[in-house]
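No lab work stands behind these numbers, since they all come straight from the coordinates. As the structure is a prediction and not an experimental result, all values here were calculated from the model. A quick note on method: Cβ atoms are made from the backbone with ideal geometry, for glycine too, and the neighbour counts reach across all protein chains shown.
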Amino acid sequence: VAETDRDEIEGLAAEYVLGTLDDSERRAAEARYAADPAFRAAVSDWERRLQPLADSAREQPPQAATFDRILARIDAAPPAATGANVVSLRREVRRWRISTGVLGAMAAALAAILVVDRATVPAPQTEFVAVLTAEGAKPAFVATVNIAAGTVSIRQLAEAAVAPADRSFELWSIEPGATPKSLGIIEQASYTAPVAASGAGVTFAITEEQAGGSPDGKPHGPVVFSGELVATE
Amino acid sequence: LSLEGQAELVVLMGRVAAGDREGFRLLYQRSSAKLYASVRRILRSEAAAEDAVQEAFVRIWRRAGDFDATIASPIAWMTTIARHSAIDSLRRSAERISASSAGDQEILDGLADDSAPAAGALAGGGLARCLEGVEPDKRNMVLLAYCYGWSREELASRFNRPVATVKTLLRRTLIALKECLGGRD
């Protein structure tokens, strides 16, 4: 029986590294990896044995911006902040446009209110806020999500937080482990549209996109400002 | 990768486990081209590959504390994470692999290339020699799974065998490779 067990561990470890386990088998193997030193050792041996196959792939650097995007994802979902209180974002997010009531007064707020789809998952917290900053810089925007009231508001704080000519700032919500979802272009005087509600652990980011926003619903431009949504109470 | 390179990665992995972002940046610099190569081979779409390599490094950041330098090689450990990220993306997407296995011989040739003086190439030579000794269908199953992320189902359909048989063949072939390589731990 011990021999059979060893064969089973060996075969499982080999297929785990090979990548042919199905979803539930892989999850079980990952749990076993964390808990069982013998399995961990078997996996490590298989990784080493088969590594020459990985080495045979032609090395190729990822895009220049990739590392910053990785950091943004990490900041979007620090392990400590990902928990039961993360409210899932709804798939359908429509574009909205920001209202600027005070164009002349740059220091004054560029304020906007979003109508949030009420049918979101109930959250223990009803108000969340994200302060969006460029790295190491002063706050540029503040976004407030009020789930009870069904609103999201975004306010411009910094004078410099204006997109260059021919470009648009686009706001995104980034749920841990998910692709960014567009919350529309920060552009003009008023908007009304349903938008995804968000909870703690979600990051809001503003990217610089082509004028009118990303054509395909995915961010392309650099992240100019970003901040994590946190509960206010 | 040289021994110095390996040792450096082990040190960097320790820094990453401690939450050191500068260490993470260095680890990324040393390893991203290699990991991206594996990911890119599995995922045709550049956008999907970009997403998967990001996901891989997020997982590396989170799991660095699990890395055990006494049993694992850092680059091999990271490679598994990167390949699994790519495979996850592949399985999620509706797009199925329809590619031919035109790359098989190319991969074997690359493995057998002894002109590269690195220790890895010698080990690869050993693996290449052992793979040469495996019956072509079984060898191709292993290569398609490892290099291109093929699932058991895809292999079953391609090689016209039941899925359960594919699983058995894969495991037997891998064990045979291990024995051919000397069964070293």
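Starting at the first residue of segment A:170-175, write each ³J(HN,Hα) from the Karplus equation 6.51 cos²θ - 1.76 cosθ + 1.60 with θ = phi - 60°, in whole Hz, x for Gly and Pro.
With the stated coefficients, segment A:170-175 comes to 10, 9, 10, 10, 10, 7 Hz.
Grab the other residues whose beta carbon is less than 11 angstrom from that of A:Glu208, score K and R as +1, D and E as -1, and report the net.
Working: positive: A:Arg167; negative: A:Asp166, A:Glu170, A:Glu209.
Surrounding charge for A:Glu208 is -2.
Each residue of segment A:60-76 in turn: what ³J(HN,Hα) in whole Hz from Karplus with 6.51, -1.76, 1.60 and θ = phi - 60°, glycine and Pro shown as x?
Running phi through 6.51 cos²θ - 1.76 cosθ + 1.60 with θ = phi - 60° gives 7, x, x, 4, 4, 8, 4, 4, 5, 5, 4, 4, 4, 5, 5, 5, 5 Hz.
Setting aside same-chain residues fewer than 8 positions from B:Lys178, which lysines have a Cα under 20 Å from its Cα?
Within the straight-line limit of under 20 Å, B:Lys178 reaches these lysines: B:Lys138, B:Lys167.
B:Ala47 to B:Thr168: extension gain in nm, 0.36 nm per residue of separation minus the Cα-Cα distance? Working shown, then result.
Numbers: separation 121, 0.36 × 121 = 43.56 nm, distance 3.43 nm.
Full extension from B:Ala47 to B:Thr168 adds 40.1 nm.
List every residue whose amide H lies under 5 Å from the amide H of A:Phe225, counting only residues 5 or more places away in sequence or on a different chain, with H placed 1.01 Å from N in the peptide plane.
Close amide H contacts, sequence-distant or interchain: A:Ile206.
Taking the Cα-to-Cβ direction at A:Arg6 and at A:Val230 and moving 7 Å from each Cα, how far apart do the two end points lie in nm?
5.4 nm
Can you list the residues, at least 5 places off or on another chain, whose amide H is less than 5 Å from the amide H of A:Ser168, using H built in the peptide plane?
The answer is A:Glu209, A:Gln210, A:Ala211, A:Gly212, A:Gly213.
Pull out the extension gain between A:Asp166 and A:Ala65, defined as 0.36 nm times the separation in residues minus the alpha carbon to alpha carbon distance; nm, one decimal. Don't skip to the end; give the middle numbers.
On the way: separation 101, 0.36 × 101 = 36.36 nm, distance 2.14 nm.
Here the answer is 34.2 nm.
Excluding residues on the same chain fewer than 8 positions from A:Lys181, give the lysines whose Cα lies under 30 Å from its Cα.
In chain and number order, the partners are A:Lys138, A:Lys218, B:Lys34.
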